[in-house]
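Structure first, then comments.
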Amino acid sequence: DAKTTQPNSMESNEEEPVHLPCNHSTISGTDYIHWYRQLPSQGPEYVIHGLTSNVNNRMASLAIAEDRKSSTLILHRATLRDAAVYYCIRGPVWGNTGKLIFGQGTTLQVKP
Amino acid sequence: DAGVTQSPTHLIKTRGQQVTLRCSPISGHKSVSWYQQVLGQGPQFIFQYYEKEERGRGNFPDRFSARQFPNYSSELNVNALLLGDSALYLCASSLGGVLKANYGYTFGSGTRLTVV
C-alpha cells in the first residue's frame, strides 16, 4: 500500500517549469514526504524530502500543503534529461528498518 | 567515487533453477536493501540488512533469502525460480542507523533476471 496518489503521466516542454502533484491524505504527523525519480535503465535516484516546510535543493523544490495532505515537486526548468518516472513516497524511511514504499509514479515526458 | 555496484547486469535462468545476485554498497555504507521491480511497476521492498543482520523483510516467499558480509556487501538468493520472478532486482545502500542526517538511499542500476 503506497498510500500516495500521483497522476500516471505528465508532459512538459523543455526549459519550462514542471509541477508534479502528489496526494497523501492519510499521512501521519511524523511521516516525511520523499521524492525519487527513475531514469530509463537506471535505479531510482533521490530527489528531495521534507516534513512541513517547503524545501529547495539543486535538483528541485518541494512545496508541502499546510495540512500536509498533498505536496508538489517543482522542477524549475525541465530538460530532456528530466524525463523519468517520479515517485512520491511517505514515511520515516530512515533508521535500521527504514524502507521505501513505491507506488506507480508519474511518468514525465519532456518535449524539445 | 564508485556507486552501488550490482552483478551480473543481466542473466537468464530456467524455471526451477536457483540464482544469486550480488551487491557492493558505497564505501562506508553499512545498510543494504533489496527491491524487485516488475516491468511497468514501482520497486517492491524485499529485504533490508544493517550491520550484517536482517532488519526488515517484505511480503516475499521463503524462496527469497539474503545475507550481508563483514565488508557490507550482500547477496540475494532466489530458489526454485518461477516465471513471475522475472524482474529487475535493485540494491540500495545507505549509511544506516537511526540518525536522520544519515538518510539517503543510493540505488544500483540493477540486475535484469529473465526466467524462461
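Some notes on this structure:
- Residue A:68 vs. criteria more than 10 Å from every other protein chain (Cβ to nearest Cβ), part of a loop (DSSP other than H, G, I, E, B), of a type in the set (Lys, Arg) and surrounded by fewer than 16 Cβ atoms within 10 Å (Cβ to Cβ): no
- Residue count for segment A:32-61, restricted to those that are within 11 Å of chain B (Cβ to nearest Cβ) and in contact with a Ser or Thr (Cβ under 6 Å, 6 or more places away or on another chain): 2.
- Checked against (1) more than 14 Å from the chain's Cα centre (by Cα); (2) on the phi < 0 side of the Ramachandran plot, residue A:41 passes all but a single condition, namely (2).
- Scanning segment B:75-109 for residues that are at pLDDT 85 or above and either assigned to a strand (DSSP E or B) or at the interface with chain A (Cβ under 7 Å from one of its Cβ atoms) (or both) yields a count of 17.
- For segment A:1-58, a residue qualifies if it is in a loop (DSSP other than H, G, I, E, B), closer than 22 Å to residue B:25 by Cα and not aliphatic (A, V, I, L, M), and the qualifying residues are A:40, A:41, A:42, A:43, A:44.
- Filtered residues of segment B:53-66 (kept if loosely packed, with under 14 Cβ neighbours inside 10 Å and more than 12 Å from chain A (Cβ to nearest Cβ)): B:61, B:62, B:63
- Residues that are without any contact (Cβ under 8 Å) to a residue 60 or more places away in the chain, of a type outside the set (Ser, Thr, Tyr) and away from every other protein chain (no Cβ under 14 Å) are absent from segment A:93-109.
- Inter-residue pairs, beta-carbon under 7 Å, first under 20 Å from residue B:62 (Cα atoms) and in segment B:18-47, second part of a strand (DSSP E or B) and among the charged types (D, E, K, R), 6+ apart: B:19/B:13; B:20/B:75; B:21/B:75; B:22/B:75; B:47/B:54; B:47/B:57
- Residue match in segment B:46-67 (condition: within 25 Å of residue A:107 (Cβ to Cβ) and modelled with pLDDT under 95): yes
The values are calculated or read from the model by the stated rules, or taken from the named source; none is laboratory data. Keep in mind that what you see is a predicted model, and the values were worked out from it rather than measured. Positions of Cβ are generated from backbone atoms using ideal geometry, with glycine treated the same way; all protein chains shown enter the neighbour counts.
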